[in-house]
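Have a look at the structure below, then the notes.
None of the figures in this text is laboratory data; all of them are computed from the coordinates on show. Being a predicted model, the structure only gives us computed values, none of them experimental. Note: ideal-geometry Cβ built from the backbone for every residue, glycine included; neighbour counts use all protein chains shown.
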Amino acid sequence: MTVAPQAPATASPYQSYVYAYPHKTAYRRLPDRPALRTLWADQPKDALSLYLHIPFCEVRCGFCNLFTRIGAPDGLTTAYLDALDRQAGAVREALGDGGRFATAAFGGGTPTFLTAAELTRLCDIAEHRMGADLRAVPLSVEASPATATADRLQVLAERGATRLSLGIQSFVDAEARSAVRPQRRAEVESALGRIRDARIPVLNIDLIYGIDGQTEHTWRHSLDAALAWRPEELYLYPLYVRPLTGLGRRTGTDTDPAWDAQRLRLYRAGRDHLLAHGYVQQSMRMFRRADAPPQTADDYACQTDGMIGLGCGARSYTSGLHYSFDYAVDMHEIRGIIDDYVARPAADFAHAEIGRRIDTDEARRRHLLQSLLQAEGLEHADYLARFGAAPADHFGPELTRFADRGWLTDDGAVLRLTPEGLAHSDAIGPDLFSPAVRSAMAAYERK
């Protein structure tokens, strides 16, 4: 008998960031290569999400384990966009008539690694191939300070971008170097000025806490530097050191109680500072200015059924299957996957090759995760309507454990994390993984 591994001990509040469930490391090759036309035939298609993935960056930060490569040889971005166009055609055909997109996002990597002309082509693929009306739906785009140039921003603003997310991580040059993110404060400030000049409605700034050498004073310095631009959103990320990343190779990935304590201390200081400055906490990481224009639920858009992902690093979701292409962190492996993607004929994109089936239990877990890790919490009535039972009927021991630790409250209508529960989101999330997903992730061979 195979015994599934138990949930990881929650002594550390930093187990993993649950931005999608199940994680790609639980995906496996699908022997039947199901046709997309069949997968999408009975799915609701009136409010789909569209995600286009660009797997290129000018540098790779030391903490990054995302699917991206450094730079692009001559002709590769053109070949990639050609493949993206072929994939879009195959996917659009598989969706048939009636598909409508309610949100769109360009991520990576760094989408603004592309030139202004290439960004124009990317928007054309989204609009003319996929049928997304980018000027009529929320469009979120990720950028870096070095690539947030005026000509690129002009294209994005003209094509309907409503949100620009800028990965800054720290306004302190020494901390940026420590995180293997070479940038200068002056370049960051110039990029922010260009973004505000472009009049994209929502600016998000990403900051990281837990960097080597960071103190409460320097953390406050970065927070205040960000607040000076009055961003509509701020994401505060704890630093993780993961296998196969630059920092992982340099320092290893062992847990450190002192580092955990430092990250918790900085998180609380950052949270309290933003709340005092008129921001509303949406999740452990996400804070939105109280008077900011409304947006979609960006913090868990990756969890939404009806997600169409284009590009070799993108996921797609139906209610019964999550699928993507192969996944890697090592740069050599990533280059090979990108080379395979750009060489594929259109017919190859009409099938799902790697993914994970979502049964009823996983659907429940996924809904619990995507709701409970938000500050608004999980409504009992919503769960009952979806699954015909109360959350405690399916997850009683886990919910009792969270409540006993002071992380969860239940007023009879809503299950909601306490402030300390939100602080421990990265321990709560993994504790809700199914034994099957946990086993698959443990068996995954890193590459």
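Some points to look at:
- Note on the chain: with charges restricted to the Cβ of Lys and Arg (+1) and Asp and Glu (-1), its dipole about the Cα centre is near 480 debye.
- Surrounding net charge for GLY270, when Lys and Arg each add one and Asp and Glu each subtract one, Cβ distance under 13 Å: +2
- The alpha carbon radius of gyration of the range 68-168, expressed as a multiple of 2.2 N^0.38 Å, is 1.07.
- [x] 7; [y] 11; [z] 28, with the label sought being that of the calculated percent of Cα pairs over 44 Å apart: [x]
- Whole-Hz ³J(HN,Hα) from phi, Karplus 6.51 cos²θ - 1.76 cosθ + 1.60, for the range 88-102, glycine and proline x: 4, x, 5, 5, 4, 5, 5, 6, x, 7, x, x, 9, 9, 9
- Net dipole in debye of the range 300-396 [+1 Lys, Arg Cβ; -1 Asp, Glu Cβ; about Cα centre; nearest 20]: 120
- Here the translational diffusion coefficient of the range 105-149 follows from Stokes-Einstein with Rh set to the Kirkwood radius across Cα pairs; for 37 °C and 0.692 mPa s it amounts to 298 µm²/s.
- Diffusion coefficient (Stokes-Einstein, Kirkwood radius over C-alpha pairs, 10 °C, 1.306 mPa s) for the range 90-224: 98 µm²/s, rounded to a whole number.
- Of ASP326, ASP291, ASP133, the one that fluctuates the most in a GNM where the chain has Cα springs shorter than 10 Å: ASP291
- Across the range 115-125, coupling constants 3J(HN,Hα) worked out from phi with the 6.51/-1.76/1.60 Karplus curve, θ = phi - 60°, read 6, 4, 5, 5, 5, 4, 5, 4, 5, 4, 4 Hz, and Gly and Pro carry x.
- Where only DSSP H runs of four or more residues are counted, the chain gives -11500 deg cm²/dmol as its mean residue ellipticity at 222 nm, each run worth -39500 (n - 2.57).
- Using equal-weight Cα scatterers in the Debye expression, the normalised intensity of the range 378-429 in log10 at q = 0.31 Å⁻¹ is -1.22.
- The mean sequence distance of close C-alpha pairs (under 8 Å, at least 6 residues apart), as a share of the length of the range 24-303, puts its relative contact order at 16 percent.
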